[in-house]
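Asker: After the structure tokens below, expect a handful of questions from me.
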């Protein structure tokens with residue numbers, strides 16, 4: 001592992017430790033940014049990115065649908081999300097990365 005990767009990993013661990021403290025009113029954003037060694041603006045940007053990751057757990061590389069070629073990662077992530085939300089019943093053999101009708105139907109909006 002390169003030094004830059006180690007430093008980035010340590011920064012991420014430190015950020016995760018301090019991330020929730022301003023929300024619980026234990027620290028101000030200015031204090032949290034100071035501890036991390038970044039500006040308040042950068043801290044706010046990091047928090048916004050972290051929130052985006054938690055509300056949007058994955059990004060699709062391609063469109064999902066019967067008429068489209070799909071990435072297997074997209075298909076599996078979509079199946080997991082639909083299953084977690086209750087829109088897709090998990091088969092007895094588990095989820096596969098291969099697109100199927102149940103997944104595409106789970107993604108469709110009601111007409």
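Asker: List every residue pair whose Cβ atoms sit under 9 Å apart, with the two residues 6 or more apart in sequence or on different chains, where the first one lies in segment 34-46 and is outside the structural domain of residue 21 (by TED's automatic domain parsing) and the second, anywhere, is assigned to a helix (DSSP H, G or I).
Answerer: Going by the 9 Å Cβ cut-off, there are no qualifying pairs.
Asker: While we're here: Just to verify a result, which residue in segment 78-101, among those that are in contact with a helix residue (DSSP H, G or I) (Cβ under 9 Å, 6 or more places away or on another chain) and without any contact (Cβ under 8 Å) to a residue 12 or more places away in the chain, is farthest from residue 59 (Cα to Cα)?
Answerer: Among them, the one singled out is 91.
Asker: Within segment 77-97, work out how many residues are surrounded by 11 or more Cβ atoms within 10 Å (Cβ to Cβ) and not in a loop (DSSP other than H, G, I, E, B).
Answerer: Of the residues in segment 77-97, 8 are surrounded by 11 or more Cβ atoms within 10 Å (Cβ to Cβ) and not in a loop (DSSP other than H, G, I, E, B).
Here's the yes/no breakdown for (1) in contact with a strand residue (DSSP E or B) (Cβ under 7 Å, 6 or more places away or on another chain); (2) in a helix (DSSP H, G or I); (3) at pLDDT 80 or above:
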residue: 5; (1), (2), (3): no, yes, no
residue: 11; (1), (2), (3): no, yes, no
residue: 18; (1), (2), (3): no, yes, no
residue: 50; (1), (2), (3): no, yes, no
residue: 61; (1), (2), (3): no, no, yes
residue: 75; (1), (2), (3): no, yes, yes
residue: 99; (1), (2), (3): no, no, yes
residue: 111; (1), (2), (3): no, no, no
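The values are calculated or read from the model by the stated rules, or taken from the named source; none is laboratory data. Bear in mind the structure is a predicted one, so any value in this text is a computation, not a measurement. Don't worry about glycine lacking a Cβ; one is built from the backbone with ideal geometry, like all the others, and counts go over all protein chains shown.
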